[in-house]
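> Here it is, the structure, as structure tokens.
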Amino acid sequence: MKPVKRSRISNDKLSSTGGSFFDHLPDEIVVSILALLSSSANTPADLAAAAMTDRRFSQLAQSKLVLNKASMGCLAVRAKNWSDAADRFLQRCAEAGNTEASYILGMIRFYCACSRRTGAALMVSAANGGHLEAIFSLAVIQFNGSGARKQDRDLTLGAGLCARAAKLGHVDATIELGHCLMDGYGVTSSPLNGRLLLHRAKQLDAESERQQASLGTLYQKTHHANLFLSEWFSLSTDARNGSYYSETSLTELLVADGNMRPCSNAMCGRQETRMHEFRRCSACASVNYCSRACQTADWKFRHRSGCTPRNQGINHNGNQDNVEQVQPEGGHAGAHDV
Ligand SMILES: [Zn+2]
Ligand SMILES: [Zn+2]
């Protein structure tokens, strides 16, 4: 950003005219200041508080530059606080070219509001802007045929999207593509390249942890969109119905409540969009996953110690390699359709 020249108006003059310092600054400088605030805000309330200072601030806070720069903290509305106003704010940010806003709102509309078409369109917009989480999420949707019928799954497109995100260093996409190559899911089988990719994913994950540690920050892999989904589906139906779109009928929400299973990876938050959409662990059949990346993550942090094979004859020695080796009954490496 270019350096901003200080106002030549003295404090004496300001006090004599009764105006604030900002009253004497041109709009473009105030917008620049608001954009800086927007890009560094820790909570949605930070920008809202600045916008409420006066009418001029409120108008300038709606400028494309400010909305385009809105930080993750600024966009991270909690599920329990969700409202039509929050939806409109993220929509305006998305329209201003903020890919993070496009992705978050896309995930919320797709999974929480059952607005599959507009949700997917927002995720596509984010993906076209280079948002890696959006590319991977679109791959998950294609692999599962989410929001559509089982026969509408496009495994080749899913693998292609994973390849695009993996090429740019996305860990989960690299894991997913590695498993695809291992068992020929959407791609020509190539176990050697699959193992290489899985090894590469471990390296990328370790590098991320090291980088975060060197910056003195807590390593947090979970995206806000996933945290939102987790919180959203833990709310009561009444709470969700009261805070969301009028276009989502109570019937739809009740159906979703009663029959749809969540991904068993607690850090994922996705819920099935049709019955039996997710695949279950082929050993114990007691957990369900939206993707192999989620199965791998959950195995590492939780399921390794809790997986009890249904058939004790299965060679289940409790290590992660075993999850990859225990082949499904015709499904996607280590998990199968029910
Ligand atoms: Zn998942
Ligand atoms: Zn299991």
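The values are calculated or read from the model by the stated rules, or taken from the named source; none is laboratory data. Computed from a predicted structure; not experimentally measured. Glycine also receives a Cβ, built like all others from the backbone with ideal geometry; neighbour counts cover every protein chain displayed. Ligands, DNA and RNA are excluded from the accessible area calculation, which covers all protein heavy atoms including side chains. Shrake-Rupley method; radii C 1.70, N 1.55, O 1.52, S 1.80 Å.
> Could you identify the single residue in 176, 133 that is of a type in the set (D, E, K, R), closer than 20 Å to residue 295 by Cα and open to solvent by 10 Å² or more (accessible area, probe 1.4 Å)?
Checking each option against the conditions leaves just 133.
> A follow-up question, please. Residues 149, 116, 164: which one is farther than 19 Å from residue 69 by Cβ, open to solvent by 50 Å² or more (accessible area, probe 1.4 Å) and at pLDDT 95 or above?
The unique qualifying residue is 164.
> Tell me whether region 278-299 contains one or more residues that are modelled with pLDDT of 90 or more, within 12 Å of ligand 2 (Cβ to nearest atom) and of a type in the set (Phe, Trp, Tyr).
Yes, because at least one residue in region 278-299 is modelled with pLDDT of 90 or more, within 12 Å of ligand 2 (Cβ to nearest atom) and of a type in the set (Phe, Trp, Tyr).
> Here's something else I'd like to know. Scanning region 93-138 for residues that are acidic (Asp, Glu) and without any contact (Cβ under 8 Å) to a residue 60 or more places away in the chain, which turns out farthest from residue 62 (Cα to Cα)?
By that ranking, first place goes to 100.
> A further question follows. Just checking, how many residues over region 273-304 are farther than 19 Å from residue 180 by Cα and touching a Phe, Trp or Tyr at 6+ places or on another chain (Cβ under 6 Å)?
0
> May I ask you to list the residues in region 267-311 that are of a type outside the set (Lys, Arg), assigned to a loop (DSSP other than H, G, I, E, B) and within 10 Å of ligand 1 (Cβ to nearest atom)?
267, 268, 269, 278, 290, 291 - these are the residues of region 267-311 that are of a type outside the set (Lys, Arg), assigned to a loop (DSSP other than H, G, I, E, B) and within 10 Å of ligand 1 (Cβ to nearest atom).
> I'm trying to understand the selection: among the residues of region 219-232, which are at pLDDT 90 or above, open to solvent by 30 Å² or more (accessible area, probe 1.4 Å) and of a type outside the set (S, T, N, Q)?
Those that are at pLDDT 90 or above, open to solvent by 30 Å² or more (accessible area, probe 1.4 Å) and of a type outside the set (S, T, N, Q): 227, 231.
> Looking at residue 142, is it closer than 23 Å to residue 118 by Cα, surrounded by 17 or more Cβ atoms within 10 Å (Cβ to Cβ) and of a type in the set (S, T, N, Q)?
Taking the combined requirement at face value, the residue satisfies it.
> Which pairs do you get when a residue that is closer than 20 Å to residue 29 by Cβ, found in region 65-81, comes within reach of a residue that is of a type in the set (Val, Ile, Thr) and part of a helix (DSSP H, G or I), reach meaning Cβ atoms under 7 angstrom, with the pair 6+ apart or on two chains?
Close Cβ pairs satisfying both conditions: 65/31; 66/31.
> For region 23-104, which fully contained helices (runs of 4 or more DSSP H) count at least 2 residues that are buried (at least 22 other Cβ atoms within 10 Å of the Cβ)?
Helices (runs of 4 or more DSSP H) meeting the threshold: 27-40, 64-68, 72-75, 84-95.
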